[in-house]
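> To start, I am sharing the structure in question, which I have written as structure tokens.
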Amino acid sequence: MKLLTRLAHGHGSFHWLSLSRCLRSLHLVPDGQHPTITDSPAPTAAMDNPSWVLLHSRNCRWNNSIDVSAKTAAETRTSTGQRLRVAFDLAAPPASSVLNYECAEAAREEKYGYGVNIIAAHGDSVLLRMSRDRNPPPPAVPCDHFVYRAGGAGRPPSLSLLPHLKGMEKYKEGVEDPSFRPLLNHDTGILRRGDNEVLVARIELLIEDDDGRSTAHLCLLRPGMSQWEHKRLVPVVHEEGEETMGPLCGPNMAIPVGDRFLCWVGDHDGFILCDMADDTSPKLRYIPLPGMPYDPNYYSDDHDLFPLRDSENMGAAGTGAVRFVAIEPRCCCGDYGRSSCPQSRYAFTLTTWTLTLTMDEPVTWVKESVMDCEELWGLPGYEGIPRVHLQCPVVSLDNHVVSFRVVSNTDRKAWTIQVDTRRKLLLAAVQCAIDPRGSYDTRDLRQAILQ
């Protein structure tokens with residue numbers, strides 16, 4: 001892995017954590033050396049050339065002075081003819097990059113929580129939604145959607161308006177529902193295919209029929225299409241002998257993998273794998289996530305034993321596999337589950353699994369690494385960071401590197417750390433103050449390559 005030589009914090013540094021300012025940072029170092037920690041704030045200049053960036057769906061801000069000549073700037077017209085201009089302030093992960101935008105329509109509604117949001121990202125392409133009034137006068141609709149593509153190879157950045165999506169009546173073949181369908185963070189993904197193709201896909205899972213079979217509606221927008229294509233009642237296949245989809249009543253986020261797969265991930269039990277090898281006839285498959293042991297203290301009467309928050313996540317692991325990360329509580333005796341004894345109240349193990357994606361063959365999660373909390377706490381550079389449960393794992397585009405949130409509610413401080421789970425190295429750490437709102441959701445995080 002190519003190690004970054006320093007952490008740099010741009011505008012809104014660590015806005016993806018809803019944190020206000022950097023207080024302390026640990027710089028990345030080559031192998032064989034110890035990380036160095038500084039108590040003074042890190043430089044605030046954005047990094048010029050991060051190999052990839054972290055985006056937060058709400059890390060977007062109104063800016064009426066975007067320089068059209070900026071290397072990340074692009075503009076287009078909305079469906080009502082207004083000019084929309086966007087540009088990114090890039091920063092090295094784990095800081096998030098900021099999307100700046102200006103548009104007369106978006107500016108009027110920003111104070112009400114509208115404006116521009118990031119829906120999905122893959123490679124050099126980012127899917128955006130711009131919201132207006134909830135009930136704008138005809139012919140306007142409540143939202144416009146755009147695809148931003150970063151510049152490269154002598155090509156400037158671009159911003160393209162997408163056709164509006166209207167649904168189809170669920171139980172009437174070929175009958176269009178006149179209502180507008182917004183693209184949302186949890187049901188829509190974007191898949192970069194080759195040098196010039198971008199596929200946008202939205203899924204709607206349907207209730208199982210009497211025979212326990214699952215189906216879904218897919219809405220696809222392929223390159224060059226002026227209208228969305230509706231794939232109705234696509235079967236969701238299950239491996240022979242598997243139970244039906246069960247509790248996965250809807251996805252939480254879409255993860256692109258390579259140039260072929262989209263994964264819609266649910267809360268705890270499984271994900272829907274979509275194979276776009278033939279985008280005229282996509283296939284869907286349900287795959288369970290690794291089963292976690294039962295925590296006997298999950299419903300404990302001990303009010304200090306709160307269930308772990310945001311302790312699992314999944315991300316791409318190369319072009320044809322996914323990586324699942326779980327923070328599992330343990331007792332000092334080694335048993336699984338949360339414990340009230342002082343020695344193990346915050347004890348845990350960090351486990352990662354990988355899965356090779358396929359539509360036709362049996363699949364098996366392979367346990368890749370296991371790291372005990374004592375190993376992590378003993379690493380050079382962890383000194384001064386709270387010894388509590390990790391939260392909010394984010395699988396990064398750097399192989400085997402996972403970011404975590406470490407929160408101390410006692411002194412209202414939070415850290416973001418980057419860990420190489422295979423080599424068991426602490427690569428980076430940044431301390432920040434907690435936003436009083438405490439808002440954070442890994443489902444709102446997206447990764448892109450915008451250089």
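> Pairs of Cα atoms under 8 Å, at least six residues apart: use those to get the relative contact order of region 365-406, whole percent.
Result for region 365-406 is 28 percent.
> Report the net charge of residues surrounding ALA448, where surrounding means a beta-carbon distance below 13 angstrom and charges are Lys +1, Arg +1, Asp -1, Glu -1.
Summing Lys/Arg as +1 and Asp/Glu as -1 gives +2.
> Residue separation times 0.36 nm, minus the C-alpha to C-alpha distance between LEU233 and ARG412: what's the value?
59.6 nm
> Suppose a student asked you for the relative contact order of region 342-451, using Cα pairs under 8 Å spaced at least 6 residues apart; what percent would you report?
After rounding, I find 18 percent.
> Right, another one. Probe 1.4 Å, all protein chains in place: accessible area of GLU204 in Å², nearest 10?
50 Å²
> So, by mean Cβ neighbours within 10 angstrom, what's the order for 82-90, 352-360 with the highest one leading? Kindly include the intermediate steps, with their values, before the conclusion.
Working: 82-90: 20.7, 352-360: 17.2.
Descending mean neighbour count gives 82-90, 352-360.
> Next question, about the same structure. What list of ³J(HN,Hα) couplings, whole Hz, do you get for region 227-238 from phi and the Karplus terms 6.51, -1.76, 1.60, once you set θ to phi - 60° and write x for glycine and proline?
9, 6, 9, 9, 10, 8, 6, 6, x, 9, 7, 10
> What accessible area per residue comes out for region 367-451, rounded to a whole number of Å², with a 1.4 Å probe?
Details: 3240 Å² over 85 residues.
I get 38 Å² per residue for region 367-451.
> Using the Cα atoms as the points, what is the convex hull volume per residue of region 343-411 in Å³?
Considering the Cα atoms of region 343-411, their hull volume per residue is 128 Å³.
> Which net charge results when you count Lys and Arg as +1 and Asp and Glu as -1 among the other residues whose beta-carbon is under 10 Å from that of ARG85?
Result for the neighbourhood of ARG85: -2.
The values are calculated or read from the model by the stated rules, or taken from the named source; none is laboratory data. Not measured: the values here are computed from a predicted model. Cβ: placed from backbone, ideal geometry, glycine included. Neighbour counts: every protein chain shown. When the accessible area is computed, the model is the full protein with side chains, heavy atoms only, and any ligands, DNA or RNA have been set aside. Shrake-Rupley method; radii C 1.70, N 1.55, O 1.52, S 1.80 Å.
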